[in-house]
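Each remark here refers to the structure printed beneath this line.
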């Protein structure tokens with residue numbers, strides 16, 4: 001993070017996404033879902049590794065973050081980072097995967113605050129919905145993320161609305 005000169009607010013966001021991703025991974029593993037917690041942790045912490053740079057360059061920070069991490073020898077982490085904005089597939093069968101946990105955790109953190117999907121997606125629409133094509137993509141992403149939420153929470157003993165409280169009770 002320091003080497004990439006990440007802005008402090010992006011570092012704070014990344015730490016909170018990591019907290020949410022680890023909590024979800026632990027709860028999913030307790031429910032019998034096989035996950036690599038270390039992969040979830042690393043990818044959640046580093047999901048925005050090139051975000052600061054992308055604000056100047058306009059690059060796709062998910063793709064360049066994945067490439068940066070792969071070049072450092074962390075290909076598996078890079079693959080999860082590449083999917084933190086949009087998953088390769090939303091129609092998976094079987095157990096949830098690490099990329100789904102990190103992707104969803106990122107969608108639940110607005111700046112550094114755990115929030116529900118609607119406020120986070122409204123922020124994404126306002127911040128990145130600069131063209132009708134972007135707005136269409138965001139709307140599709142929103143629906144896919146709601147389906148992902150149902151998929152993840154089908155394995156969990158708490159609801160999406162209870163996530164922040166469950167995390168507080170667990171600490």
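Values quoted throughout were computed directly from the atomic coordinates according to the rules given, and no laboratory measurement underlies them. This one's a predicted model, so the numbers in the text were calculated from it and none came from an experiment. All Cβ positions, glycine included, derive from the backbone under ideal geometry; neighbour counts span all protein chains shown.
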Between residue 89 and residue 56, what is the label-point separation in nm under the 7 Å Cα-to-beta-carbon projection?
3.9 nm
Per the rule of 0.36 nm per residue minus the C-alpha distance, extending residue 67 to residue 5 adds in nm 20.6 nm
Within a 10 angstrom radius of the beta carbon, how do 30, 12, 106 rank from fewest other beta carbons to most?
30, 12, 106
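If you take the alpha carbon radius of gyration of segment 55-131 and divide it by 2.2 N^0.38 Å, what ratio comes out, to two decimals?
Values: Rg = 13.7 Å, N = 77, 2.2 N^0.38 = 11.5 Å.
Relative to the rule-of-thumb radius for its length, segment 55-131 sits at 1.20.
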Could you give the distance between the Cα centres of segment 89-122 and segment 6-73, to the whole Å?
12 Å
Going by C-beta contacts inside 10 Å, put 136, 98 in order with the fewest on the left.
136, 98
Test of understanding: ordering 128, 74 by Cβ neighbours within 10 Å, fewest first, what list do you get?
128, 74
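For the chain, what is the calculated [θ] at 222 nm in deg cm²/dmol (nearest 500), taking -39500 (n - 2.57) for each run of four or more DSSP H residues and dividing by its residue count?
Numbers: 9 runs with 111 residues, N = 171.
Calculated mean residue ellipticity at 222 nm is -20500 deg cm²/dmol.
Under 8 Å for C-alpha pairs, at least 6 residues apart: give me the relative contact order for segment 1-159, rounded to a whole percent. Could you put the intermediate results ahead of the total?
Values: 202 pairs, mean separation 39.4, N = 159.
Relative contact order, segment 1-159: 25 percent.
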